[in-house]
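*Asks:* Take a look at the following structure, please.
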Amino acid sequence: MPVRLKKFIGIVLIVVLVMLYALLATTIATLTLSQSPWWVHFLYFLLSGVLWVVPAMLIIKWMAGPVQKNRP
């Protein structure tokens, strides 16, 4: 797969991941944390704010993977 195509697909996947993850994390917080104390909100958003990095790192690792050269 060409490098430019791989990077384009990776960027699109990361943008979609961040948008869906933010929507999901906010929805879960709204539905479950309404009566919780401030420190529970803090811990939830701290953890959920860092957790999206794991799948993003996997996508970036895939984007930076070895490039296959075309044979003549």
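The values are calculated or read from the model by the stated rules, or taken from the named source; none is laboratory data. Since the model is a prediction, treat every value here as computed from it, not as a measurement. A quick note on method: Cβ atoms are made from the backbone with ideal geometry, for glycine too, and the neighbour counts reach across all protein chains shown. These area figures cover heavy atoms from the full protein model, side chains too; ligands, DNA and RNA do not enter into them. Shrake-Rupley method; radii C 1.70, N 1.55, O 1.52, S 1.80 Å.
*Asks:* Report the residues of the stretch 40-58 in range of a label on LEU33: point 7 Å along Cα→C-beta, backbone N strictly under 17 Å from it.
*Replies:* Within reach of a label on LEU33, which here means backbone N under 17 Å from a point 7 Å along Cα→Cβ, the stretch 40-58 contributes 40-53.
*Asks:* Just from its helices, what would the mean residue ellipticity at 222 nm be for the chain, if runs of 4 or more DSSP H residues each count -39500 (n - 2.57) and the sum is divided by every residue, rounded to the nearest 500 deg cm²/dmol?
*Replies:* That calculation yields -26000 deg cm²/dmol at 222 nm.
*Asks:* Another question, if that's okay. Let me make sure I get this right: for the chain, a, b and c are the square roots of the gyration tensor eigenvalues over alpha carbons, sorted descending. Under 1.5 in a/c it's rounded, otherwise prolate if a/b > b/c, else oblate. Which is it?
*Replies:* prolate
*Asks:* Also, quick follow-up: Give me the percent of accessible area attributable to carbon and sulfur for the stretch 3-62, probe 1.4 angstrom.
*Replies:* Of the solvent-accessible surface of the stretch 3-62, carbon and sulfur hold 83 percent.
*Asks:* For the stretch 3-62, what is the accessible area per residue in Å² when the probe is 1.4 Å?
*Replies:* Working: 4780 Å² over 60 residues.
Per-residue accessible area for the stretch 3-62 comes out at 80 Å².
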